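Accompanying notes for the structure given below.
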Amino acid sequence: MVAAGSARDAAASRSGSVACVVLIGLTGGIGAGKSSVSASLARRGAVVVDADAIVKELQQPGTDVFGEMVERFGPGIVAADGSLDRAAVAAVVFSDPEALAELGAIVHPRVHDEIVRRVAEHADTDHVVVLDIPLLAEAGWPGLAGTIVVDLDPDVAVGRLVAHRGFSESDARSRIANQMEREHRLAKADLVIDNHGDPEALEREVDRAWAWIHTLHPAI
C-alpha cells in the first residue's frame, strides 16, 4: 500500500538532465525487520546511511560521546575490555525516561551532524540514499522524497526478538513500549513494507519498494 501524501504528489519520471540524489527515509519499530530491508535495498544499489551504525562508531572508547556517557551514567556502563557495555546502558535508560532523554541529548546531535555529512557526499549524484533511522517517524527529516515504514505486529516482533536476538520477553516489550505507537508510525508512511511473511515474501516487498522509489522526483 502506498499512502497518500508527498510521495504520491512527487511521483513522476526523472528528467535525467541533472544529477540529483533521491533521499528516502526508512524506519520501523524494533524487531520489525528494518535492517533486513535496509540490506536488501543496498543490494539493489541504494546507498544506506545507517543511524544505528553511526551511533556505534560515535560511542567507541576515546570519543567525546563515550566520555560524556561514562561521566553521566558511571563506570558501570564500561565493559571489562574498555568498550561500551550496551546491555548495561539499556538496563539504565529503558526503565528511566529521564535517563533516556539525557542519553539522547548526548548522542542525537552528533548522529544528526554525521548523517548530514554523509548525505552531502552524494549531493551531486543521482544515487538513491536511504536514511535508516529508528526514530525517523518521531523526529522527521527534511528533504525526503518519501518515507518507507517496515511494519510488523508488536506481538510478532516480540517473538522474533526473543527467538533471534536473545531478548527477554520483558525487555522486548519494554523497548517497544518506549517507541512511537504502531498506528502513528504508519500514518507517517508514504509506502509500507509488510514483514509478516517469510524472507521470500519480504524480498518481494522490497522489490515493490525499489520500483516505487524509482518513480519519485528528487526532493533535495
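Each reported figure results from applying straightforward, stated rules to the coordinates on display, with no laboratory input. For clarity, every value in this text was computed on a predicted model and none was experimentally measured. Because the Cβ atoms are built from the backbone with ideal geometry, glycine has one as well, and the counts that use them run over all protein chains shown.
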Burial-style ranking of 71-80, 184-193, average other-beta-carbon count within 10 Å with highest first, yields 184-193, 71-80
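In deg cm²/dmol, rounded to 500, what helix-only [θ] at 222 nm does the chain give when every DSSP H run of at least 4 residues adds -39500 (n - 2.57) and the total is split over its residues?
One gets -15000 deg cm²/dmol as the mean residue ellipticity at 222 nm.
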Checking rank on 126-138, 88-100, with mean other Cβ inside 10 Å and highest first, the result is 126-138, 88-100
For residue 126, placing the label point 7 angstrom along Cα-to-beta-carbon and taking segment 176-220, residues whose amide nitrogen sits under 14 Å are 214-218
Taking only the alpha-carbon positions of segment 100-180 as identical scatterers, the Debye log10 I(q)/I(0) at q = 0.17, 0.21 Å⁻¹ comes out as -0.90, -1.09
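When DSSP beta bridges are limited to those with both residues in the chain, what percentage is antiparallel, rounded to the nearest 5?
Details: 3 of 21 bridges.
Antiparallel bridges make up about 15 percent of those DSSP assigns within the chain.
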Cα convex hull volume per residue for segment 145-220, in Å³, equals 104 Å³
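Given a Förster radius of 30 Å and the C-beta distance between residue 200 and residue 155 as r, what FRET efficiency does 1/(1 + (r/R0)^6) yield to the nearest 0.05? Before the final figure, lay out the partial values.
Values: r = 23 Å, r/R0 = 0.75.
Rounded to the nearest 0.05, the efficiency is 0.85.
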In degrees, nearest 10, the alpha-carbon axis of helix 97-120 is tilted away from the dominant principal axis of the alpha carbons of the chain by 40 degrees
Pseudo-spin-label distance residue 210 to residue 138, built 7 Å along Cα→Cβ, given in nm, is 3.1 nm
Stretched fully, the stretch from residue 81 through residue 105 gains (0.36 nm per residue minus C-alpha distance, one decimal, in nm) 6.1 nm
Taking the alpha-carbon centre of each part, the distance from segment 77-115 to segment 182-201 in Å is 27 Å
